[in-house]
Structure formats: C-alpha cells, structure tokens
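**Q** Just dropping this structure here.
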Amino acid sequence: MKLHCDVEVVSRHLPALGMRNRGKGVRAVLILCQQTPRSQPRSGARDDRGGPHPTCLLISTLKDNRGTRYELKENIEQFFTKFMDEGKATVRLKEPPVDICLSKANSSSLKSFLTAVRLAHRGCDIEAPLTTFTPVKTSEFEKFKTKMVITSKKDYPLSKNFPYSLEHLQTSYCGLVRIDMRMLCLRNLRKLDLSHNHIKKLPATIGDLIHLQELNLNDNHLESFSVALCQSSLQMSLRSLDLSKNKIKALPVQFCQLRELTDLKLDDNELIRFPFKVGQLTKLRFLSAARNKLPFLPSEFKNLSLEYLDLFGNTFEQPKVLPIIMLQTPLTLLESSAQAVLYNRIPYGSHIIPFHLCQDLDTAKTCVCGRFCLNSFIQGTTTMNLHSVAHTVVLVDNMGGTEAPVMSYFCSLACYVNSCDMLK
C-alpha cells in the first residue's frame with residue numbers, strides 16, 4: 001500500500017537542543033510493508049508464533065530510494081488530521097520521537113492510508129496488500145508532476161486524469177467552452193492558465209482551490225465574474241488575475257473583497273465602470289484596463305497606490321460643470337437606517353434583512369467626508385492626474401494626457417461647498 005505526498009520528518013529533540021527544522025517537505029513515497037524473513041519474502045508471511053509479521057512504514061525519497069523504516073505496532077502517540085481534506089496530516093511516533101508531517105497528498109488516498117496505519121498500530125490485519133522491503137524505482141518519483149503545459153487540442157488528456165500533484169496547469173488553445181471539472185480536484189494548484197479558449201462561464205467551485213494564486217482567463221468569452229467567486233476562498237489566496245480580451249461589461253461590488261490582488265488585467269473588455277469600492281484593493285500594484293468603455297473613475301480610485309497603470313483607449317467624458325443634486329430633506333427612514341448600519345459597521349446579510357436591502361447597503365456611496373449615502377447625495381466630477389496614484393502611467397490618449405475624470409459624491413451641501421476647490 002503506497003501514498004505519494006510531501007514528507008517532513010521533524011525530530012522533537014531539536015527545540016531542546018536550540019535547533020530548528022528546515023520547515024520544508026520533500027517528495028516521497030510512503031509504503032506500508034511487513035517485516036519478513038529473507039526465506040519468506042511474500043507479504044502474507046507469518047512469524048514463528050503463527051501471527052502476522054509487524055507492519056512498518058517505509059519512507060523513500062529520490063535521494064534515498066531504499067528508504068527509512070519506522071515501526072508502527074503500538075508506536076504511534078497521536079494522529080493530527082484536522083486538515084486531512086486539504087491533503088495534510090501528521091503522525092507522531094513514540095520511538096524515535098519524531099513527527100511525520102504529510103502534505104500535498106490526495107485527500108481520499110490519505111484517508112485510506114491513515115486508516116491502514118491505525119490498524120497497523122493496533123496490530124490488526126490490514127486488508128490492503130502489503131509489500132516487502134524493496135527500493136523504490138526512480139520512475140515512481142517521475143510521476144510527481146508539479147507543472148503541465150498543454151497548448152493544443154491533440155495533447156489535451158481526455159481519457160486520464162491530471163496528476164493530482166500539479167501546482168501549475170496551463171491549457172491554452174484547446175478549444176475549451178467550459179472549465180474541466182477534473183481541474184477543480186487539483187487541490188495543490190497555485191497557477192491556472194486557461195487563456196485562449198472559448199469559456200463563457202466560470203463555475204463557483206473554482207473558489208474551492210484554496211491555494212490558487214494566479215488565474216489567467218485571457219482571450220475567452222466571459223461576460224461576467226460572479227459574486228460567488230468574489231466571496232470564496234480566493235479572497236485569501238488570489239494575487240494575480242487576467243481577464244483581458246473577454247466581454248465583461250461590469251465587475252460586481254463584491255469584487256473588491258479580493259483584497260490580496262496585486263496584479264489585475266482587464267484590457268480589451270467592454271467595461272463601462274470600475275467597482276466603486278476599488279480603493280479597497282490596497283495591495284494592488286499593477287492595473288491595466290486599456291481599450292474599454294470607461295466614462296469616468298470612481299472617487300475611491302484615489303485610494304489606490306500603484307506601480308503601473310494603463311487606461312489607454314477608454315471613452316473618458318469631460319467633467320460636467322454643474323453637479324447633480326439629489327438631496328432629500330428630511331432624510332427617509334431607509335436612508336437614515338442605512339447610514340447608521342454602515343457608519344457603525346453593524347453586520348448584515350440576507351439571513352437578517354431582505355436581499356434587496358443588502359444590495360442597497362453594498363452599493364452605498366461614500367462621501368468625501370467618510371459618511372455614506374444611498375439616494376440622497378450631490379454628484380460631481382473633476383479630473384485627476386493619474387500620477388497621483390501610480391508611479392508609471394501609460395498615456396490615456398494619443399494627445400499625451402495623463403488625466404482622467406473622477407466621479408465624487410457628497411452627503412450634504414456643506415461637504416460639497418467644503419470640497420468645491422477640488423471640483424474646480
């Protein structure tokens with residue numbers, strides 16, 4: 001019985017000696033095997049008393065293909081399996097005093113393997129076939145692919161699965177019209193490149209790839225980026241997103257919850273606006289949204305701190321001379337309540353209040369003073385030099401300009417008057 005995964009053997013004596021482990025696992029093959037006399041090499045051999053020979057754990061690596069053997073019978077102090085669904089577990093041995101840390105394993109294989117290890121610890125029979133002590137072949141380690149690049153239909157695997165150990169997968173120019181569900185089982189995936197296909201919709205289950213850092217969807221047929229993805233585990237992992245050359249007209253407000261993003265490419269879409277809370281993407285350093293249909297930028301755009309910005313070829317409008325006044329006096333109960341909820345950061349959700357009210361709160365505008373407004377506001381536009389938010393700026397037009405119009409909102413006439421210098 002075998003398990004392919006990353007293994008780190010940590011001695012519990014190191015801290016007492018003032019030493020630390022290197023903290024990184026190596027690719028290994030774990031084998032459950034029986035100690036058998038040389039005269040009885042078969043896995044079903046029995047000892048002199050007629051019982052089964054003790055089961056051992058053999059850990060083999062590419063550098064040590066003969067492996068290191070560990071006794072299992074009544075020798076396990078504790079199992080740590082909290083993150084087994086992520087392909088991680090730790091087996092703590094009594095002698096020698098080490099922790100065997102497993103990671104990047106197939107979760108179902110890991111569960112089966114640990115079940116067998118538990119039986120071996122108790123001295124019970126294991127139903128799965130056990131092997132003898134034989135060196136692991138080099139070819140076994142060649143199965144641990146961490147990167148696969150496919151750039152044509154003829155090379156695309158139809159009859160076999162992707163290697164579960166993949167961390168980088170590229171399937172470009174393969175004519176895909178939807179995302180292959182087999183890809184969503186690659187729990188170790190960190191980079192997924194699906195560029196130059198015909199994908200129209202993204203499944204919400206992409207959000208289950210908890211380690212995904214880079215997602216390239218350049219040159220597809222996408223028309224949206226779903227709220228479900230914005231609220232998935234991608235919030236914690238996604239750092240680079242390429243949505244260039246699609247048909248996206250707008251990104252949801254919740255897109256700004258992807259706060260680990262550092263690189264965002266939106267070139268050659270049909271964007272008519274940025275999410276107005278885009279300023280919440282505080283880690284964003286590279287933003288490219290050239291050749292879209294943006295008429296203006298949201299006021300929170302000023303909160304960005306970029307290294308590179310490209311907004312060339314958008315249909316920016318000239319700032320309007322007169323503001324649009326939509327103040328309500330007195331404020332409606334809805335407006336007052338919304339301001340109170342947002343100002344005091346009171347948690348809300350569709351399980352507490354109606355869904356349409358959640359949408360109102362999600363899309364509330366922010367005044368320059370920091371207060372919030374729904375339907376009662378003054379709207380004004382001004383121009384902003386893009387060098388104020390980015391170190392390197394691509395010219396926005398062929399005339400050499402680096403300025404773009406910004407839409408601002410004011411919760412009261414006083415806020416508007418106080419900010420009139422900005423609007424000139």
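The values are calculated or read from the model by the stated rules, or taken from the named source; none is laboratory data. Because the structure is predicted, anything quoted here is derived from the model rather than measured. Here the Cβ positions follow ideal geometry from the backbone for every residue, glycine too, while neighbour counts run over all protein chains shown. Areas reflect the complete protein model, heavy atoms only, side chains present, ligands, DNA and RNA absent. Shrake-Rupley method; radii C 1.70, N 1.55, O 1.52, S 1.80 Å.
**Q** Could you give the dipole magnitude of the range 137-291 about its Cα centre, charging the beta-carbon of Lys and Arg +1 and that of Asp and Glu -1, in debye to the nearest 20?
**A** 100 debye
**Q** Probe radius 1.4 Å, ligands and nucleic acids ignored: give me the carbon and sulfur share of the accessible area of the range 216-348 as a rounded percent.
**A** 54 percent
**Q** Can you find, among VAL26, VAL368, ILE59, the residue sitting farthest towards the positive end of the charge dipole of the chain, where Lys and Arg contribute +1 and Asp and Glu -1 at Cβ?
**A** ILE59
**Q** Hey, what do the phi angles of the range 282-293 turn into as Karplus ³J(HN,Hα) couplings, whole Hz, using 6.51/-1.76/1.60 and θ = phi - 60°, x for Gly and Pro?
**A** Coupling constants for the range 282-293: 5, 8, 5, 10, 10, 9, 10, 9, 6, 6, 10, 10 Hz.
**Q** By per-residue mean of other Cβ atoms within 10 Å, what is the highest-first order of 74-81, 207-214?
**A** Result, highest mean first: 207-214, 74-81.
**Q** What does the charge count near ARG285 come to, summing +1 for each Lys or Arg and -1 for each Asp or Glu among other residues with Cβ under 9 Å from its Cβ?
**A** Local charge sum for ARG285: -1.
**Q** Please name whichever of LEU72, HIS387, GLY207 sits farthest to the positive end of the charge dipole of the chain, dipole taken about the Cα centre and charges placed at Cβ: Lys and Arg +1, Asp and Glu -1.
**A** Checked the options; the winner is LEU72.
**Q** Let me cross-check VAL117: its accessible surface, 1.4 Å probe, with only protein heavy atoms counted, in Å² to the nearest 10?
**A** 0 Å²
**Q** Once phi is turned into ³J(HN,Hα) by the Karplus curve 6.51 cos²θ - 1.76 cosθ + 1.60 with θ = phi - 60°, what whole-Hz value does each residue of the range 380-387 show in order, with x for glycine and proline?
**A** Going residue by residue, I get x, 10, 9, 10, 9, 6, 5, 5 Hz, with x marking Gly and Pro.
**Q** Hey, can you find the accessible area per residue of the chain for me, probe 1.4 Å, expressed in square angstrom?
**A** 54 Å²
**Q** Stick to Cα atoms and the Kirkwood definition of Rh, then tell me Rg/Rh for the range 178-248.
**A** In the range 178-248, Rg relative to Rh is 0.92.
**Q** If the only charges are +1 at each Lys and Arg Cβ and -1 at each Asp and Glu Cβ, what is the size of the charge dipole of the range 54-123 around the Cα centre, to the nearest 20 debye?
**A** 120 debye
**Q** Still on this model: Among VAL227, PRO157, LEU331, which residue has its Cα positioned farthest towards the positive end of the charge dipole of the chain, with +1 placed on the Cβ of Lys and Arg, -1 on the Cβ of Asp and Glu, and the dipole taken about the Cα centre?
**A** Working it through, the farthest residue towards the positive pole turns out to be PRO157.
**Q** Continuing with this model, one more query. Three principal axis extents, largest first, for the C-alpha atoms of the range 220-331, in Å?
**A** Each principal axis gives a Cα extent; for the range 220-331 these are 44, 34, 28 Å.
**Q** Right, here's the next one. If you take every residue apart from SER244 with its C-beta less than 13 Å away from the C-beta of SER244, what net charge results, scoring Lys and Arg +1 and Asp and Glu -1?
**A** With Lys, Arg at +1 and Asp, Glu at -1, the net is -4.
**Q** Sum -39500 (n - 2.57) across every DSSP H segment of at least 4 residues in the chain, then divide by the residue count to get the 222 nm mean residue ellipticity, nearest 500.
**A** Rounded to the nearest 500, it is -3500 deg cm²/dmol.
**Q** Report the per residue volume, in Å³, of the convex hull enclosing the C-alpha atoms of the range 371-424.
**A** 104 Å³
**Q** How long are the semi-axes of the equivalent ellipsoid of the range 160-204, defined as square roots of 5 times the Cα gyration tensor eigenvalues? Whole Å, largest first.
**A** After scaling each eigenvalue by five and taking roots: 18, 11, 10 Å.
**Q** Search the structure for amide H atoms under 5 Å from the amide H of MET384, placed 1.01 Å from N in the peptide plane, and list their residues when 5 or more places away or on another chain.
**A** ALA404, VAL406
**Q** Could you pull out every residue, at least 5 positions away or on a different chain, whose amide H is within less than 5 Å of the one on CYS5? Hs are placed 1.01 Å off N in the peptide plane, and Pro or chain starts have none.
**A** Under 5 Å from the amide H of CYS5: ALA28, LEU30.
**Q** Kindly rank 341-347, 266-272 from highest to lowest mean number of other beta carbons found within 10 Å of each residue.
**A** Per-residue Cβ counts within 10 Å, averaged per peptide and sorted highest first, yield 266-272, 341-347.
**Q** Per residue, how much space in cubic angstrom lies within the convex hull of the C-alpha atoms of the chain?
**A** 207 Å³
**Q** Heads up, I need the accessible area for ARG182: 1.4 angstrom probe, whole protein in place, Å², nearest 10.
**A** 60 Å²
**Q** Quick one: dipole size for the chain, taken about the Cα centre, charges +1 on Lys/Arg Cβ and -1 on Asp/Glu Cβ, in debye to the nearest 20.
**A** That gives the chain a dipole magnitude of about 1260 debye.
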